[in-house]
Amino acid sequence: MPPNKVFISATSTDLGGMRQRVKDALLTMDCYPVEQTHFAPDWREVEQMLRARIADCQALIHIVGLRYGAEPNPATLPEGAPRRSYTQMEYHIGRELQRKRGDKRFRVYTFVLPEDFPYDAPLDAQTDEQQALQLRRRSCRETE
C-alpha cells in the first residue's frame, strides 16, 4: 500500500524551518510530504496546478503565521474573485476537497502560530489590506 500523501501549506520565507520539521515528522510516520514552492505567473495556472497537487493527497496541513505571503497580481483576478495568497488558496482548495470527499477521505489540519513564535524571518512590510486579510485568516473569520 502506498504511503499517504500530505500537502504542507505555509508561507516559505518565515516558516521554512517549520515546513521542514513537518516534513521530517511526516516521513517518520510513513507519510509522503507534498508542497509547492514555485508558482507560475498566471493565477489560473497556479490554481489548476494546486488543485491537481492537493487532489492527489489525503490531507493538508495548513500552518498560519503572521505573514500574508505571495499572491497573484490582484489586478489580474476576475471581478468578484476573493483576494487570497497562494497559501490561502491551498487552504481553500483543501477545504473544498474535504467537503466533497468527506472527513474520512480528506482532512485539513490548521495550526495558527502565536505572534511570539520563533519565525525564520522578521515580518516584512505589508500593505494594510494584506495585514487585514491575514488577520482574518488567523482569527478563522475568513469566509469559505
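None of the figures in this text is laboratory data; all of them are computed from the coordinates on show. None of the values given here were measured: they were computed from a predicted structure. Heads up, the Cβs are rebuilt from the backbone with ideal geometry, glycines too, and the neighbour counts pull from every protein chain shown.
Data for the structure
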{"quantity": "Read-out Cα extents along the principal axes in Å, derived from the coordinates shown; its label in (1) 47, 36, 28; (2) 45, 28, 27; (3) 43, 32, 27", "calculated": "(1)"}
{"quantity": "For the chain, calculated [θ]222 nm from helices alone, where every DSSP H run of n ≥ 4 adds -39500 (n - 2.57)", "calculated": "-13000 deg cm²/dmol"}
{"quantity": "Whole-angstrom gap from the range 91-144 to the range 59-88, using each part's C-alpha centre", "calculated": "9"}
{"quantity": "Taking the chain and dividing mean pair separation by its residue count, relative contact order in percent (alpha carbons under 8 Å, at least six apart)", "calculated": "30"}
{"quantity": "Spin-label proximity, VAL112 to the range 1-39 - amide N less than 17 Å from point 7 Å beyond Cα toward beta carbon", "calculated": "10-11"}
{"quantity": "Where labels lie 7 Å past Cα in the beta-carbon direction, separation of SER139 and ARG99 in nm", "calculated": "2.2"}
{"quantity": "Note, ³J(HN,Hα) from phi for the range 62-70, Karplus 6.51, -1.76, 1.60, rounded to Hz, x at Gly and Pro", "calculated": "10, 10, 10, x, 8, 7, 5, x, 5"}
